[in-house]
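Novice: Take this structure, written in structure tokens, and hold onto it; I'll ask about it next.
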Amino acid sequence: MNAAAAIAIRDATPADLSFLVASARAMALETETKSLAEAVVTAGVAGLLARAERGFYLVAEQARRSVGTLMVTYEWSDWRNGDFWWIQSVYVTADARRGGVFRALYAETARRARAAGAVGLRLYVEQDNARAQATYAALGMQRTHYALYEALF
């Protein structure tokens, strides 16, 4: 991929379903060595695309080809009387990495969050993913003092 090619950011549509599913599955395999069931991820992506109150996906394009995506979901904060926007399901195709794709996705997300009155952006990252952590820090994000816990059902 030509790193100099302009990066365009747009809202995902149902026509992007296969790209979004493939990206989510590739990200899980690369970062956590998890093989996600295609049918489950397809239903999950379609579920968010159908319900804007849950969040949205952005797609990055270069030379009219999808090269990256991220998902935003919302978390209400009673402490701040506003929504945090959670950045999730970040993926950039291997040939487009280190070319500003995530930076462009992040910038557009931050612009939209500010315009919507969000109180901030949050994301989680694998503890051993030093490259991603460095990228987030370079964008002005800071590590918090919270640890993430979950209970799966």
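Novice: State whether one or more residues within the stretch 1-12 are touching a strand residue (DSSP E or B) at 6+ places or on another chain (Cβ under 8 Å), on the phi > 0 side of the Ramachandran plot and not in a loop (DSSP other than H, G, I, E, B).
Specialist: no
Novice: Can you go through ALA116, ALA137 and tell me which one is within 23 Å of PRO14 (Cβ to Cβ), out of contact with any helix residue (DSSP H, G or I) (no Cβ under 8 Å at 6 or more places or on another chain), surrounded by 10 or more Cβ atoms within 10 Å (Cβ to Cβ) and of a type outside the set (D, E, K, R)?
Specialist: From the options ALA116, ALA137, the qualifying one is ALA116.
Novice: Within the stretch 28-41, identify whether any single residue is within 26 Å of ASP128 (Cβ to Cβ), loosely packed, with under 12 Cβ neighbours inside 10 Å and touching a helix residue (DSSP H, G or I) at 6+ places or on another chain (Cβ under 8 Å), and answer yes or no.
Specialist: There is at least one residue in the stretch 28-41 that is within 26 Å of ASP128 (Cβ to Cβ), loosely packed, with under 12 Cβ neighbours inside 10 Å and touching a helix residue (DSSP H, G or I) at 6+ places or on another chain (Cβ under 8 Å).
Novice: Now, a different point. Please verify whether GLU75 is closer than 12 Å to LEU58 by Cα, touching a residue at least 24 places away in the same chain (Cβ under 8 Å) and out of contact with any Ser or Thr (no Cβ under 8 Å at 6 or more places or on another chain), treating the condition exactly as stated. Explain how you work it out, then say what you get.
Specialist: Values: closer than 12 Å to LEU58 by Cα: no; touching a residue at least 24 places away in the same chain (Cβ under 8 Å): yes; out of contact with any Ser or Thr (no Cβ under 8 Å at 6 or more places or on another chain): yes.
Considered against the rule, which asks whether it is closer than 12 Å to LEU58 by Cα, touching a residue at least 24 places away in the same chain (Cβ under 8 Å) and out of contact with any Ser or Thr (no Cβ under 8 Å at 6 or more places or on another chain), GLU75 comes out as no.
Novice: So, one more: Got a sec? Which strands (runs of 3 or more DSSP E) wholly within the stretch 55-153 have at least 3 residues that are of a type in the set (A, V, I, L, M) and either modelled with pLDDT of 95 or more or within 17 Å of the chain's Cα centre (by Cα) (or both)? First the steps, then the outcome.
Specialist: Details: elements: 55-62, 65-77, 82-92, 120-123.
Those strands (runs of 3 or more DSSP E) span 55-62, 65-77, 82-92.
Novice: ARG80 is checked against (1) free of Cβ contacts under 8 Å to residues at least 12 places away in the same chain; (2) at negative phi; (3) among the basic types (Lys, Arg) and fails just one. What number does that condition carry?
Specialist: Going through the list (1) free of Cβ contacts under 8 Å to residues at least 12 places away in the same chain; (2) at negative phi; (3) among the basic types (Lys, Arg), ARG80 breaks only (1).
Novice: ARG51 versus (1) in contact with a helix residue (DSSP H, G or I) (Cβ under 8 Å, 6 or more places away or on another chain); (2) of a type in the set (Lys, Arg); (3) under 22 Å from GLU75 (Cβ atoms): which is the lone unmet condition?
Specialist: ARG51 satisfies every listed condition except (1).
Novice: Please work out if ALA132 is surrounded by fewer than 16 Cβ atoms within 10 Å (Cβ to Cβ), of a type in the set (A, V, I, L, M) and without any contact (Cβ under 8 Å) to a residue 60 or more places away in the chain.
Specialist: So ALA132 passes the test.
Novice: Those residues that are at positive phi and aliphatic (A, V, I, L, M), I need them from the stretch 33-77; list them, please.
Specialist: The answer is ALA63, and nothing else.
The values are calculated or read from the model by the stated rules, or taken from the named source; none is laboratory data. Quick caveat, the model's predicted, so the values are computed rather than measured. Quick reminder, even Gly has a Cβ in these numbers, built from the backbone with ideal geometry, and neighbours come from all protein chains shown.
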